[in-house]
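Encoded as structure tokens, the structure appears first; notes follow it.
The values are calculated or read from the model by the stated rules, or taken from the named source; none is laboratory data. Fair warning: this is a prediction, and the values are worked out from it, not measured in the lab. Reconstructed Cβ throughout: ideal geometry from the backbone, glycine too, with neighbour counts over all protein chains shown. Just the protein is used for accessible areas: all its heavy atoms, side chains included, with ligands, DNA and RNA removed. Shrake-Rupley method; radii C 1.70, N 1.55, O 1.52, S 1.80 Å.
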Amino acid sequence: MSKFEKIKTAADKRLALDKRGFETPTDYKSGDVLVLSEKLDGFNASFDTAGKYYSRSGQLPENMRHHKKLIPFKEMVTGEVVVFTKTLLPTDDEYQIFGEFMVTDRIVQYNENVYDSFYIFDVKNLNTGKYLGILEADKIAEQLQSQFGEKFMRPNIIDDQYVFTSYVDLEKHTYQKELDSEYGVGGIMEGIVAVNQNGLRAKIVNKAFKETQREVVNTKAHTKAVQWVNTYLTQNRVSKIVKNLLTE
């Protein structure tokens with residue numbers, strides 16, 4: 001099993017870059033071509049070509065009493081799906097297919113047909129440790145959807161040739177797309193995930209769904225501990241943690 005990486009926000013990357021004053025390998029460079037895809041507010045789940053199923057925290061057990069909302073995920077990724085998926089992959093190595101399983105009672109509201117569906121966004125070669133990328137994942141998702149139906153969702157690619165200039169411009173571009181969701185009620189989109197040619201990812205969350213609040217932080221009047229609490233103790237973050245606990 002491999003856990004999908006925790007994706008940093010473009011805002012965090014921007015602030016870190018401003019603070020240190022120079023670029024590192026974890027930064028986008030001017031001219032980088034990014035693929036932008038819609039970020040969905042589901043529950044991180046995956047399956048591998050050995051026929052095992054996972055939530056973000058680990059392998060799903062035989063007894064799903066404490067994972068009831070993920071029962072439909074386990075039921076849809078049958079042995080037949082696993083065998084078919086193997087035929088779509090470039091080598092005989094072991095792979096893990098990552099996505100968001102769309103459960104109800106999340107912060108973002110989606111169209112009814114989205115729920116109990118699997119939004120595929122990447123595939124990892126477990127032998128080499130390399131990700132195939134969202135464009136390859138989209139091809140696999142398209143084949144799974146064609147073979148097994150709409151419950152296998154293709155990623156919504158917003159732009160596959162976005163040229164990076166700055167984190168500020170990337171954030172502004174995302175905010176302009178806040179009503180361009182393919183799946184959200186009223187077209188409302190949580191945000192986007194950007195990835196460059198080297199697999200470096202960043203997420204940009206639209207303002208209504210941000211889990212941090214920087215404007216309440218006063219570096220002169222507050223201790224480091226209070227600054228941290230003021231930044232991260234938000235309604236959206238607490239709600240998301242509670243919803244994750246209820247799901248798992």
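Couple of notes before you dig in:
- Accessible surface for residue 56 stands near 90 Å², nearest 10, in the context of the full protein assembly shown (1.4 Å probe).
- Net charge, residue 124 excluded, C-beta distance under 12 Å - Lys, Arg +1, Asp, Glu -1: -4
- Whole-number percent relative contact order across the range 79-159, with pairs defined as alpha carbons under 8 Å at least 6 apart: 28
- Across the range 115-183, the mean sequence separation of Cα contacts (distance under 8 Å, 6 or more residues apart), normalised by length, yields a relative contact order of 27 percent.
- Length added when fully stretched, residue 62-residue 78, from 0.36 nm per residue minus Cα-Cα: 4.4 nm
- Counting heavy atoms of the protein chains alone, residue 87 has an accessible area of about 100 Å² for a 1.4 Å probe.
- Among the listed pairs 74/124; 8/52; 29/207; 74/172, a Cα-Cα separation exceeding 31 Å is found for 74/172.
- Radius 10 Å from Cβ of residue 88, net charge of other residues (Lys, Arg +1; Asp, Glu -1): 0
- Taking Lys and Arg as +1 and Asp and Glu as -1, the other residues whose beta-carbon sits under 11 Å from that of residue 3 total +2.
- Extension reserve of the residue 143-residue 126 stretch, reckoned as 0.36 nm per residue once the Cα distance is removed: 4.0 nm
- The simple spin-label model puts a point 7 Å past each Cα toward its Cβ; for residue 169 and residue 15 those points are separated by 2.4 nm.
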